[in-house]
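A quick write-up on the structure given underneath.
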Amino acid sequence: MRLVFVIALLAVGVAVSTSGAVGILRMPDVYLRIQCSSKPVTLGALPVLVALVIAKGPVSSYGGRALIVAVLLLVMNPLATHALARAAYSVGIPMWSGAVVDQAAARAAGPTAAPHPGGGQPADREG
Amino acid sequence: MTLAIGVACLAEVVIGALLLIRVGLGPTVCDRIVALNTLSTQITLAVLLFAAFADRATYLDVSIWLASFSYLATIVWSRYLERGLL
Amino acid sequence: MFWAIDYACLALVVAAAVLVIRLRNLNGSVMALSAMGTVLALLFVVLGAPDDAHAQIVVGSIAVPTLYLIAIAKIRTEVVNEPELGEQGDTDAAADADAGRAGSGGDR
Amino acid sequence: MILGNYLAAVTLFCLGIYTVLTRRNLLKIVMGMSLMEASTYLFLLSLAYRNGSTAPVLLTPPHGQTPQRLAHGNVADPVLQNFCLTAIVIGVAVTGVFLAVVVRIAQHYRTLDADRVRDMRG
């Protein structure tokens, strides 16, 4: 019974990670690749960690280490991806030609963008 | 169960091969950093699974180091892209 | 099973090394070097040396590429732009020109 | 079976020495030296590995083994692993020195080409 759970969770994790990797390989744009880096990989890592905890028991040294790795993944992966997406936007890497919305550019090009470039909150209060 | 964990470890390494293609192919440096970040995550999982496969809990610390330092590298390199490192 | 993981890691390391010497973009070469260091850390764990894997993670996949990036950033202010240095027969300039970004940063 | 590791180490060394001999960019030459360092690590750890061995760490032994049996059993060679650790630490220092020299050359000669540096010096 435990074996079935472990194999199922490992299969789910590996499948989701594979989909993320194929997305990174196939997507046409840096920003779409960052999307494929962030969410499917985090979602693919967590079932593998749960499978490891189930296979080795939660009170062994595997459980604690898997918990630390899960917390690090959940905290640091969005942070790193956000920093990377911001850097990619600020050096001006072009979007895919099929992209339909660019909210940061729309906010920067707004009528009150000159005193607060980038942040829209004070401008909204003025207007 | 050991065999299943070993097969999963091998699968993570094969996913790393897919990401290495993007490291070689990526038109900009940001693509390469994205692929490298994902590769670090996959290698972290592979180290965890290999520790369970070889039944040594000593190997688990390597994955914690990898998980904490690879994101540091990603953040440092994105700062380098944004403003220059010096 | 052990040998399958071992040979997969070896294949990845050799492929990353080929990427290091085949890419004409210097930043891309540094990223391939970092990928090689990361996969080499997994290979060290597989070969039964976790302490070497610790050192290799910190040194090979983070410290050395950061050193290279610092060197590239310092050189770029001194040397005028000569991107295809030492690469005689490359015809894949379209791959890097495909980015098509405006700005003077070159391949940044 | 460990022969594959030796072949990969030789391949890495040949790739590194090819880079050092044929490229003209000084940074590419330093990268070739990094590849040769990596081949050295791989060769030392492949020498340290014995068939079916585990890490020479006695804490938390594998299931069904005690530290005494592990110490008398099949572990990898710790001496060569320490050589490899020393090689890694010295390798990053050597790479830093090489990169500092390359930066100084670039500041002095305003070029990064090995041939043009030699022309200017002669």
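The values are calculated or read from the model by the stated rules, or taken from the named source; none is laboratory data. The structure displayed is predicted, hence computed values, not measured ones. So basically every Cβ, Gly included, is an ideal-geometry build from the backbone, and we count neighbours across all protein chains shown. Ligands, DNA and RNA are stripped out before the accessible areas are found, and what is left, the full protein with its side chains, is counted by its heavy atoms. Shrake-Rupley method; radii C 1.70, N 1.55, O 1.52, S 1.80 Å.
Some points to look at:
- A compact globular protein would have a Cα radius of gyration near 2.2 N^0.38 Å; the ratio found for region C:25-79 is 1.31.
- Bins of 5 Å from zero: percent of alpha-carbon pairs in region A:2-94: 3, 14, 18, 20, 17, 11, 8, 5, 3, 1, 0
- Take the Cβ atoms of D:Thr66 and A:Val22, set R0 to 60 Å, and the FRET efficiency comes out at 0.85.
- Of the residues D:Ser34, A:Ser61, the one with the largest accessible area comes first in the ranking A:Ser61, D:Ser34, computed with a 1.4 Å probe on protein heavy atoms.
- Each of D:His108, C:His54, D:His63 has its accessible area taken with a 1.4 Å probe; listed largest first, they run D:His63, D:His108, C:His54.
- Exposed loop sites were defined as trypsin sites (Lys or Arg not before Pro) in DSSP loop states (anything but H, G, I, E or B) carrying at most 13 other C-beta atoms within 10 Å; in chain D the longest segment without such a site runs D:51-109.
- At 0.890 mPa s and 25 °C, Stokes D of the protein assembly as shown from Kirkwood alpha-carbon radius, µm² per second: 107 µm²/s
- Solvent accessible area, Å² - D:Cys14, 1.4 Å probe, full protein context: 70 Å²
- Listed residue (B:Leu19, B:Gln42, A:Ala109) projecting farthest to the positive dipole end of the protein assembly as shown, Cβ model: A:Ala109
- When the Cα positions of A:Ile34, A:Leu9, A:Val59 are compared along the charge dipole of region A:1-119, A:Val59 comes out farthest toward the positive end, with charges on each C-beta of Lys, Arg, Asp and Glu.
- If you sort A:Val50, C:Val46 by accessible surface, 1.4 Å probe, largest first, the order is A:Val50, C:Val46.
- R0 of 56 Å, Cβ-Cβ distance A:Val59-D:His108: FRET efficiency to nearest 0.05: 0.35
- Overall Cα dimensions of region D:3-121, principal axis frame, Å, largest first: 67, 26, 18
- Computed accessible area, A:Tyr31, all protein chains, 1.4 angstrom probe, square angstrom: 40 Å²
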